[in-house]
Structure formats: structure tokens, C-alpha cells
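Structure record follows, encoded as C-alpha cells.
The values are calculated or read from the model by the stated rules, or taken from the named source; none is laboratory data. Owing to the predicted nature of the structure, the values given are computational and were not obtained by experimental measurement. Cβ placement follows ideal geometry from the backbone for every residue including glycine, while neighbour counts extend to all protein chains displayed. For accessibility, only protein heavy atoms count, side chains too; no ligands or nucleic acids. Shrake-Rupley method; radii C 1.70, N 1.55, O 1.52, S 1.80 Å.
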Amino acid sequence: MIAAALAVVTTCGVLQGLPQASAHADSADSGPPKGTALWASAEARRTGKPVEVSALTTDTSVTEANPDGAYKLTISSIPQRFRTSGGGWRAIDTSLKAAAGGGLAPAASPAQVVFSSGGDNRLVRFSDHGRSMELTWPTKLPAPVVSGDTAEYRGVLPDVDLRVTADYSGFSEVLVVKTPEAARNPELAKIRFGARTVGVGLRSDGSNGVNAVTSSGETVFHANQPLMWDSTNATAPTAGGTGQVAPKAAAAEPQDAPQDRPQTKPMQTQVAPDAVTVIPDQAMLTDPNTKFPVYVDPTFSRGRKHWAYIDGSSGLRDNVCYDNSCKQSDGTPYPPRAGRYSSAGAIRSMFAMDTSPLPTGAKIITGDSNQKTTFSITGTWTPQWSCSYEVNVDLYLVSGINGNETWNNFSDSSHWQSVNKQGTASGSFGHTGCGAKSLTWNMTAAAQKAATNGWDITTLGLRTQVEDNSDQWIRMKLDPSLTIYYNRAPSASQVTVEGKVCSRDQSKPTLIGALSSRQAPKLSALVSDPDGDSIVKTEFNWWNKSVSPPPTSPGVGYDTTAHTSGARAYVNAPPSGMLPDAVWEVWVRDYDKWGQANGGLSAWTGPCYFKQDSTKPDVPAPTITAAKDPVTGADPVYSLDPSVWAGQPGKTGYFTFSLPAGAGNADVDLRGLAFSGHLLDG
């Protein structure tokens, strides 16, 4: 027996059946929040111009919604902006300015670095969310000479200057030893930087590097093994790679040395809770072949590693060079390079691209000449002093970098797999008629892999196609950029048949009665698109599950009316052959304007089931009983005996409807039954 309870309230002498649910007024639709992808898509369509999705902006990326419904994600491996305390974004500017509270700090930088303005021994303070590390010099520092991002403290020892430089992720400190006499100073046998820390403790990383670590083990600040190098310069570029001096006409070329190779030595470090001690290589300092000045450089950084290079040159295969940690003979950081110059070994460069704003499952757009997914970097110098001599550079999807990469541990095929080669780009750079310009590779395959797998970081590597030829090398600008165009798939849901929710349980299909006016029931589905694109087609598939053998292919129907996201699509189906009491299975999917090739096809809804029931039930009259209040337990308000006066207008009463047990009642459901009546005039 199936029973139903009903609450009744009387108003103006009329009994009204009410559902047991609260009525709520619809609130005004304020639209998607500003800055979200859906808001930006709507604005782009409205204005006909790209609109930034500010909710997806990061320090290295910007996402834009295009008027055609696609998204453009532009990623740099190097931070371009940082979030301010007010929540907005500001472009990075590492030029040093007077800091509030004293000292010198970058004008705008995520690296919270403050350098000494002189007068005491405090050299630098490096902070991050309440954790900090302060390094001191053994004696009082003079007022620095400031140039851009660098503060130079001159004469901290005889003929020795101390430079500190801010960058996007931290700072470097360089001792400039100017003469052989200065190099013999016993104070350069061990260089001790005093240390004070808050929220972190100093630890050796086991490889002569330094970690500033929290009590939970998180590394907040890090420095790899420090390096020292002299002022030995590489051989000038030659014509034809034969050792001949370049012709005088080349004097007008840009003075961008191809592969500056100073003599370089790694140094040992000693780490204590209150000090970091660097031990220069004394043999190098006293070697008569050493070219002065000599530079001694520990570099500290915070956060993830953004780029690195590995060097196959003899004596450098164990060197770790990430971000700006390795320097040229003039003390400036090495730029990205690839290939082999002269007698040196080959170099490869790697870039960690933050692809976390790329939605998992997004489809990279293909076949559109105006929306190509590419990786680009500016080439600045190639050999031969000729615009006709091109260097071939291969782009690879490589293993992630963590700041410990060397030629010996990162150059084998496990990191540079042939299956992950993305393509080859060629060019000549740096000469009259072919100056610095962009090298570009198609990145569709790697970007799709990143989207499919939901990668937060996608690491790309550059190497020359030929690495054993001294005339196959390239120098590049530190401006790698990944541009991705993508679309997100629509979705279909909430399938109904004749206005009823289509059941997911085949054993309990949704029941519909016989259709007298037509043979095809109306199927419907809610269609939507996360980008707000129009749904241009909705596909319905159905199978008769009550015939044997089952059909090998479904019936198919389409709603080809363009629907806005959030509307419902309809089709009448099956159009013929409806069997009495047959069970039908239904699947639905929809398409946005981009089509299947570009992620415009939704996933199937999954099966749901309905059944036509053409047999009318044989149902006796229900029994109606006055019921107690189900909440308070109070006695019935109304009486079903017409001789008994009870209740009053506006008074709620409860009744139970029930059917006797027996055949023919299995598909009768009294839930939701409503009735109306009149109070008897007394």
C-alpha cells in the first residue's frame, strides 16, 4: 500500500492542497562575478575585444577571453608582475630605491629584499611571509654606489669591492677581487657572512649549498654551491669557424660576445646556525694565469626555479646554473644558450612554464591560423657573421627542473626523449640584416598534454640539432613565452521525458502514460557551456531495451536550434515504433561552435531510462483519514464527519490518503496529490 500525507490550509472558506515545501522568491540574476572566465567571455562578446580574466592572472601568466569564445593564455617562465598587499598586480621593477625604515630595496618586487645603505655591518635582509634571513659583513659597510638593481660597497677589503644585486626571485652578492695582491689577503681564505634568522634555520643541502628551512621542513630560501670565476674572455667570433679573425666589416656588428667562458671554480661552504662561510679556491686566486678581477658569488633565491642551463664543457659538467646564479666574466648573468662554441662543450637551456591557469581537460585549438599555440624566444647571436648561415634549434618537452640540474644528471635521453621533441626552428641572429628576432615552435601537442594531465608546471628544453659542430650555437634573450589558445567543452545534463526526470536506474524507469496525440514522447536536456558559448546542436540517442536481440545502433535525433548556455534542448523521440510498456535508454550530448576538433563536443550524459505504460491501473477509491500534526503531534484540526464542525479559515490540517493492498496498485503513487474543497457553511 502506498500512502500520502497532505497539509491543508483554508483561506476565505476554500480548502487548498499545498506541497510540503517553502516558497522562495527568485532573486535577481546578477550575472557571473567580475573577473571570472564567464564574465570575461560575456564582456568580450559584448565589446568585440579581448578581455582579461583577472581571476586567472599569475606572476608569470595572463589569460584573455576572446570575442569568438576561445581563451588566450600567455605564459613567461620569468615573473613579470607580483601581487601587492592590496590584492592587485604590479609590474616588477628591481631598480633600487630608498626603503621605508631604512636601506635600499627594489622598487617593486616579489622578492622582499633590503640592502644596507651603509654605516653598519648589516648587508642584506631577505623576507618571505614573516620568515627572514639576514646576512652581515664582518665590518662596518661604507655607503654604497647604486646603479639600477645593484649596490656596490667599495673597499670592504683592500682592492676588494662587495656588490649585491636584486632580481625577480632573490639576490646575489659578489666579491670583486681586483688584483693579485688583493687575492693574497688572508681574509679571503675564508669569507664569513654572519646570519640571523626568523622562522627558519640554516642547513647545508649536502652539496655545498644552503637552505633556510622551517621547522616543518619547508625550504624558504636557497642558494646552490657558490662559484668563483675570473675575467678570461672567450675567443672572438671567427669567420667560417677556421680560427681566422673576423673581417673588419664585422666591427659594425652588435658587440654581444657569443660564448663568454671565464675560468670557473665551485667553492666549498660551511653552514652554522649563525653564519655561512664561503671558502674560495686558493689555487685559482694564486694562479699566474688567472685574469683579474676575480668574482666570488653566492646567490640566494626564493620560490620555484624558473629556468636553468647545463654545460657539457670539461670541468663544468657538474655545475648547477639556475635562474641568474651563473655569471659571465663581467659579473652579469648568463643568458639562455644552446649548442657548442669553439672547443667548449654543448649547452642546453630549460624553462619551467607555469601552466596551472590552463584548465584541466581544455582542448587546444587547432586549424585556426590566427590562434596558434606556440613557444617563442628571441635569438640574439649565431656564428659565421652571416645572415645566410642558419642554426637549427630543437624544442623538447623535458623533465621538471628543481635547481640541481647538471650536464651529468640531466643530459641523457631519459630527460630528452625523442618522442617529446616538439619541432625545429632555424635562424641567423645578431648580424647586419638579421638582428635579434623571434624563434617560434608549434607547441600544440605539448600544451594538449599539459591540459589533459592537469600539469601545474610544463618544462621545455632547447638544444641545437647538431651538438658536435662548433658552428652550431645560439645565444638568446631571457624572454621565453608560451602562447596557448584553448576552448572548454560544453555539457548536457538533467535529461527529462515528458517533463519528468529520466531515471538512472534501469530497474526503475521513469513511467509515462500512453500518448494519444502522437507516438513520440518529448525528450529534453539542459545544455550549458563554461565559456558562455551558444550550443549549436544537441544530439539525442535512444535504444529500445525491451526487444531481443537489442538493436546494434541507436536511434538519433537532433535539436539544431542555437540555444544559450543554461537553456533546454528538445526532440520528439523515438519517432516511430513505440511499443506498449517498452523500456527505452537515452543518452545526450551537445556541441558548441568550435565543433569536435576543438573541444566543442560535450561528454555523453550517461544512460537514463523511461517506460511507456499504456495500461490504466484498476484503482479503488482511496481511504482518507484525518491525521495529527506531524510536527507537534496535535490532534486533527478537521473532521471528515460532515455532522461535526471543526477548523476555521487559514487553519492548516493534515490528512492521510491510502489504497488497499492488492493487484493493480503497484504503479499507483499518491504522493503529490492535491485537492480543493469548501468549508461547510455551518
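Worth pointing out:
- Once segment 413-444 is narrowed to residues that are at pLDDT below 95 and touching a helix residue (DSSP H, G or I) at 6+ places or on another chain (Cβ under 9 Å), the residue that is nearest to Pro336 (Cα to Cα) is His431.
- So Gln371, is it part of a loop (DSSP other than H, G, I, E, B) and more than 29 Å from the chain's Cα centre (by Cα): no
- Yes/no for Trp441 being aromatic (Phe, Trp, Tyr) and under 22 Å from the mean Cα position of the chain (by Cα): yes
- Assessment of segment 503-516 against the conditions (open to solvent by 30 Å² or more (accessible area, probe 1.4 Å), of a type in the set (S, T, N, Q), closer than 30 Å to Val586 by Cβ and in contact (Cβ under 8 Å) with a residue 60 or more places away in the chain) yields at least one matching residue.
- Residue in segment 307-325 that is of a type outside the set (Gly, Ala, Ser) and modelled with pLDDT under 85 present: yes
- Output for segment 595-647, where each listed residue is open to solvent by 70 Å² or more (accessible area, probe 1.4 Å), more than 30 Å from Val536 (Cα to Cα) and of a type in the set (Phe, Trp, Tyr): Trp645
- Top-ranked residue in segment 58-78 [being open to solvent by 10 Å² or more (accessible area, probe 1.4 Å) and part of a loop (DSSP other than H, G, I, E, B); ranked as farthest from Gly600 (Cα to Cα)]: Ile78
- Test: residue in segment 455-470 that is among the aromatic types (Phe, Trp, Tyr), in contact with a Phe, Trp or Tyr (Cβ under 6 Å, 6 or more places away or on another chain) and under 30 Å from Gly400 (Cβ atoms): no
- Taken over segment 543-562, residues that are within 24 Å of Glu585 (Cβ to Cβ) and open to solvent by less than 80 Å² (accessible area, probe 1.4 Å) amount to 11.
- Residues in segment 169-212 that are under 11 Å from Leu285 (Cβ atoms), among the small types (Gly, Ala, Ser) and surrounded by fewer than 19 Cβ atoms within 10 Å (Cβ to Cβ): Ala189 only.
- Condition met for Leu162 (within 24 Å of Asp323 (Cα to Cα), open to solvent by less than 10 Å² (accessible area, probe 1.4 Å), in contact with a Ser or Thr (Cβ under 6 Å, 6 or more places away or on another chain) and part of a strand (DSSP E or B)): no
Every residue, every condition in (1) touching a Phe, Trp or Tyr at 6+ places or on another chain (Cβ under 8 Å); (2) buried (at least 19 other Cβ atoms within 10 Å of the Cβ), yes or no:
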site	(1), (2)
Ile365	yes, yes
Gly379	yes, yes
Trp385	no, yes
Ser388	no, no
Asn392	no, no
Gly403	yes, yes
Asn408	no, no
Gln422	yes, yes
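- A count restricted to segment 285-314 and to residues that are more than 33 Å from the chain's Cα centre (by Cα) and closer than 20 Å to Val164 by Cα stands at 6.
- Leading residue by the ranking (farthest from Asp161 (Cα to Cα)) among those in segment 128-150 that are open to solvent by 20 Å² or more (accessible area, probe 1.4 Å), assigned to a strand (DSSP E or B) and among the polar types (S, T, N, Q): Ser147
- Residues of segment 86-116 satisfying the condition of being over 23 Å from Arg131 (Cβ atoms) and outside any strand (DSSP E or B): Gly88
- Any pair with Cβ under 8 angstrom, 6 or more apart, that starts in segment 430-447 at a residue that is open to solvent by 10 Å² or more (accessible area, probe 1.4 Å) and ends at one that is basic (Lys, Arg): Ala436/Lys477; Asn442/Lys372; Thr444/Lys372
- Per-region count, segment 592-646, residues assigned to a strand (DSSP E or B), more than 52 Å from the chain's Cα centre (by Cα) and charged (D, E, K, R): 0
- Residue match in segment 37-44 (condition: open to solvent by 50 Å² or more (accessible area, probe 1.4 Å), modelled with pLDDT of 90 or more, among the acidic types (Asp, Glu) and touching a strand residue (DSSP E or B) at 6+ places or on another chain (Cβ under 8 Å)): no
- Search result, residues across segment 580-590 that are surrounded by fewer than 24 Cβ atoms within 10 Å (Cβ to Cβ), under 21 Å from Val495 (Cβ atoms) and not acidic (Asp, Glu): Ala582, Val583, Trp587, Arg589
Let's see how each residue does on (1) open to solvent by less than 40 Å² (accessible area, probe 1.4 Å); (2) touching a residue at least 24 places away in the same chain (Cβ under 8 Å); (3) under 19 Å from Pro359 (Cβ atoms); (4) in contact with a His (Cβ under 8 Å, 6 or more places away or on another chain):
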| site | (1), (2), (3), (4) |
| --- | --- |
| Asp456 | no, yes, yes, no |
| Met476 | yes, yes, no, no |
| Asp479 | no, yes, no, no |
| Ser528 | yes, yes, yes, no |
| Asp531 | yes, yes, yes, no |
| Val536 | no, yes, no, no |
